[in-house]
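The values are calculated or read from the model by the stated rules, or taken from the named source; none is laboratory data. Since this is a predicted model, take the numbers as computed values, not measurements. Here the Cβ positions follow ideal geometry from the backbone for every residue, glycine too, while neighbour counts run over all protein chains shown. The area values use the complete protein model at the heavy-atom level, side chains included, leaving out ligands, DNA and RNA. Shrake-Rupley method; radii C 1.70, N 1.55, O 1.52, S 1.80 Å.
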Amino acid sequence: MRKIVKPKHWSQANVFPVFQLSVPAHNQEFVVLEGDSRSTLRFGPGRSPSSHFPGDCGTVVIHANYHFSFLQNINLNDQIVLSDQMGMEYQYCVLDVSIIDLDKNQIEIIDTDELKLVTPWPFDGFTKDNTLRYVVTARKYETYQN
């Protein structure tokens with residue numbers, strides 16, 4: 001007798017959305033989930049629980065794996081928009097792009113309205129032991145303009 005194994009579906013996942021992320025210049029839109037575990041990142045980008053929420057005057061960190069491959073084409077001054085479930089919109093401007101080694105450096109979380117998009121680097125060389133991360137840092141427009 002053959003045993004039937006049902007695959008898990010989205011409704012059975014232990015993840016939930018926290019906001020929408022869009023990058024208009026690159027025609028990208030994502031639902032951002034809460035958490036940055038491996039199982040969460042299989043479904044999509046995830047907000048690091050150790051970081052802030054938009055509007056809380058602190059760094060928002062969003063991790064993703066292959067979802068963020070478009071970041072290799074990101075430009076300084078590109079706009080990134082976060083929209084929460086209450087309809088608030090937070091606009092950010094890309095200020096910096098860097099590559100860090102998580103064995104030597106942490107992703108810095110500060111008390112400034114900024115956003116960090118983080119993905120493994122190199123883009124086509126992802127392995128589970130890879131500690132290199134491509135980090136895009138953007139500042140909230142109100143903060144950036146002051």
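Can you tell me which aspartates and glutamates have their Cα less than 16 Å from the Cα of residue 104? Leave out same-chain residues fewer than eight positions away. Hits, sequence-local ones excluded: 129. With the largest listed first and rounded to whole Å, the semi-axes of the equivalent ellipsoid of segment 40-146 from the Cα gyration tensor are 23, 15, 14. Cα centroid separation, segment 46-122 to segment 16-37: 10 Å.
Residue separation of residue 28 and residue 103 scaled by 0.36 nm, minus their Cα-Cα distance, works out to 24.0 nm of gained length. Per-residue accessible area (protein heavy atoms, 1.4 Å probe) orders 132, 33 as 132, 33, starting from the largest. Heavy-atom surface analysis with a 1.4 Å probe gives the chain a carbon and sulfur content of 48 percent of its accessible area. Solvent-accessible surface of segment 15-146, averaged per residue with a 1.4 angstrom probe and all protein chains in place: 53 square angstrom.
Overall, the chain carries a charge dipole of about 1040 debye about its Cα centre when +1 sits on the Cβ of Lys and Arg and -1 on the Cβ of Asp and Glu, all other atoms neutral.
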